[in-house]
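Here's the structure, in structure tokens; my notes come after.
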Amino acid sequence: QTDGIAAYYEICDVKKAGGERFWDDLSQTPYLVKGNQWFTYDDEQSIGAKVDWVIQNGYGGAFTWTLDEDDFKGEFCGGEKFPLHSLIAKKLGGSAPPSS
């Protein structure tokens with residue numbers, strides 16, 4: 001809803017509307033192209049790779065910038081609330097964000 005910024009749930013909407021997902025092996029991140037729009041973002045695959053790196057390098061945890069950029073309602077990206085944050089919690093052995 002802000003120019004220049006797209007939340008994960010907005011990315012999922014663009015993808016459903018015909019955006020094409022690509023993968024960059026070097027950065028281990030996806031990018032999405034739809035018409036003249038180009039988005040870089042994190043998804044479950046890239047978040048998983050980042051959390052694996054955290055674990056492999058012996059760090060004590062990870063953080064994200066904000067919860068509200070995830071699919072907090074579970075309505076856009078496959079049905080699970082907070083899919084990105086839940087994945088981080090599962091991989092690190094913590095608890096997922098509250099469902100309400």
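Each reported figure results from applying straightforward, stated rules to the coordinates on display, with no laboratory input. These numbers were taken from a predicted model, which means no experiment stands behind them. In this analysis, Cβ positions are derived from the backbone assuming ideal geometry, glycine residues included, and neighbour counts consider all displayed protein chains.
Note down the magnitude of the dipole of the chain about its Cα centre, charges +1 on Lys and Arg C-beta and -1 on Asp and Glu C-beta and zero elsewhere, to the nearest 20 debye. Spell out each step's value before the answer.
Details: 9 positive and 16 negative charges, 45 e Å.
Using Cβ point charges on Lys, Arg, Asp and Glu, the chain gives about 220 debye.
So which trypsin sites (Lys or Arg not before Pro) in the range 1-95 end up in coil per DSSP with only 12 or fewer other C-beta atoms within 10 Å? It would help to have the intermediate numbers written out before the result.
Working: sites: 15, 16, 21, 34, 50, 73, 81, 90, 91; in loops: 73, 81.
Hits after loop and neighbour filter: 73.
Suppose R0 equals 30 Å. What FRET efficiency, 1/(1 + (r/R0)^6) with r the Cβ-Cβ distance, do residue 75 and residue 55 give to the nearest 0.05? Working shown, then result.
On the way: r = 30 Å, r/R0 = 1.01.
Approximately 0.50, to the nearest 0.05.
Select from 46, 60, 27 the residue farthest towards the positive end of the dipole of the range 8-92; place +1 on Cβ of Lys and Arg, -1 on Cβ of Asp and Glu, and compute about the Cα centre.
Of the options given, the answer is 60.
Using only DSSP helix segments of four residues or longer, with each worth -39500 (n - 2.57), what per-residue ellipticity at 222 nm results for the chain after dividing by its residue count and rounding to 500?
Working: 3 runs with 32 residues, N = 100.
Rounded to the nearest 500, it is -9500 deg cm²/dmol.
With Cβ to Cβ distances under 9 Å as the rule, what net charge do the other residues near residue 83 carry (K, R +1; D, E -1)?
Numbers: positive: 81; negative: 43, 44, 70, 71, 80.
Taking every other residue near residue 83 into account, the sum is -4.
Kyte-Doolittle mean at least -1.0 and Cα extent at least 15 Å along the axis: which DSSP H helices of the chain qualify? Don't skip to the answer; put the middle values down first.
Working: long enough: 44-56 (17 Å, -0.06).
The answer, listed by residue number, is 44-56.
Using 7 Å Cα-to-Cβ label points, what is the residue 26/residue 13 separation (nm, one decimal)?
3.2 nm
For residue 71, what residues show an amide H to amide H distance below 5 Å, using hydrogens built from the backbone and excluding near sequence neighbours?
9, 82, 84
Does the chain come out rounded, prolate or oblate by the C-alpha gyration tensor, with a ≥ b ≥ c the root eigenvalues, rounded set by a/c under 1.5 and, if not, prolate when a/b is larger than b/c and oblate if not?
On the way: a/c = 2.18, a/b = 1.34, b/c = 1.63.
It is oblate, given that a/c is not under 1.5 and a/b is not larger than b/c.
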